[in-house]
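K.L.:
Take this structure first; my questions come after.
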Amino acid sequence: MPLSPPGSYRTIASAATVELEVRRSRFVADVARVTTEDEARTVIDAVRAGSREAGHHCTAFVLGPEGATRRSNDDGEPSGTAGAPMLDVLTSRGRSDVVAVVSRWFGGTLLGTGGLIRAYGDAVAAALEAAGEVRREARGVWAVDVDHTHGPRVENALREMASMTVSAATWTAGGLRLEVAVAPTATVAMTTLVAELTAGRSEPVLLARTWVDVPVPAAGG
């Protein structure tokens, strides 16, 4: 029996770049938000083009709500010392829809296998910290058509619900059409609310499914 897709997953809030120095070698880590392999490779190509003098451009990315697509590349570093630890950081931090590129300028001192693994992992971890975090939550996009009399009251009530977002409100000849993004767990509450406020005259219709960003509360907040 197939598992249900996740209702949420975590990704970065914004792109970020950080620089670390380890025994005179420079490690510049770039992380960016992407949703496809093509987008990830476009970011990788852009970083390469912007720092061609770097000796290595090691990469890792994770894609999809379940993190099912995972890729890494050592770009000439000893096997398993760059791309794999970068990927390990992305997965251990539970981030998806993100690409990481670490550009390295050799400083003249060999770091050894353990040193490289730590440096590449630390660079990605620092970049994720700088990028911040958001949660992506599944939403159903519903159309709610109500007459002129009930329109403002229904819109106000829906906007007050934390588990749903009114993404559009359009007045027509017949009344008000609302498009509402609703968390799956709140679908029954939304349809019940609309029915109560319109005396059963309005029945929401599911238009599509999408994902929305939800801020992650700060630790201790």
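K.L.:
Please give the per residue accessible area of the chain, computed with a probe of 1.4 Å over protein heavy atoms only, in Å².
P.N.:
Values: 11530 Å² over 221 residues.
With the other protein chains kept in place, the chain gives 52 Å² per residue.
K.L.:
To the nearest whole percent, what portion of all C-alpha pairs in the chain is separated by more than 26 angstrom? Please report the intermediate quantities before stating the final value.
P.N.:
On the way: 12065 of 24310 pairs.
Result: 50 percent of Cα pairs exceed 26 Å.
K.L.:
Right, next: Considering the options 91, 34, 113, tell which one lies farthest towards the positive end of the dipole of the chain, charges being +1 on Lys and Arg and -1 on Asp and Glu at the Cβ, about the Cα centre.
P.N.:
113
K.L.:
On average over all directions, what projected area in square nanometres does the stretch 62-173 have, based on the convex hull of its Cα atoms?
P.N.:
Numbers: hull surface 41.7 nm².
Computing the convex hull of the Cα atoms and averaging its projections yields 10.4 nm².
K.L.:
Give me the net charge of residue 42's neighbourhood, meaning all other residues with Cβ under 15 Å from the Cβ of residue 42; Lys, Arg count +1, Asp, Glu -1. Write out the running numbers ahead of the final one.
P.N.:
Details: positive: 33, 41, 48, 71; negative: 30, 37, 38, 39, 45, 97.
Surrounding charge for residue 42 is -2.
K.L.:
Over the chain, with every protein chain in place, what whole percent of the accessible area is carbon and sulfur at 1.4 Å, could you tell me?
P.N.:
Working: 5940 of 11530 Å².
Ligands and nucleic acids excluded, carbon and sulfur give 52 percent.
K.L.:
Now for a different question. I'd like the distance separating the alpha-carbon centroids of the stretch 11-71 and the stretch 122-196, in whole Å.
P.N.:
The stretch 11-71 and the stretch 122-196 have Cα centres separated by 33 Å.
K.L.:
Additional query: Semi-axes of the equivalent ellipsoid for the stretch 5-82, please: Cα gyration tensor eigenvalues, times 5, square-rooted, ordered largest first, whole Å. If you can, show how the numbers build up before the last one.
P.N.:
Numbers: eigenvalues 123, 38, 34 Å².
Equivalent ellipsoid of the stretch 5-82: 25, 14, 13 Å, largest first.
The values are calculated or read from the model by the stated rules, or taken from the named source; none is laboratory data. This is a predicted model, so every value here is computed, not measured. Because the Cβ atoms are built from the backbone with ideal geometry, glycine has one as well, and the counts that use them run over all protein chains shown. Heavy atoms of the whole protein, side chains included, go into the accessibility calculation; ligands, DNA and RNA do not. Shrake-Rupley method; radii C 1.70, N 1.55, O 1.52, S 1.80 Å.
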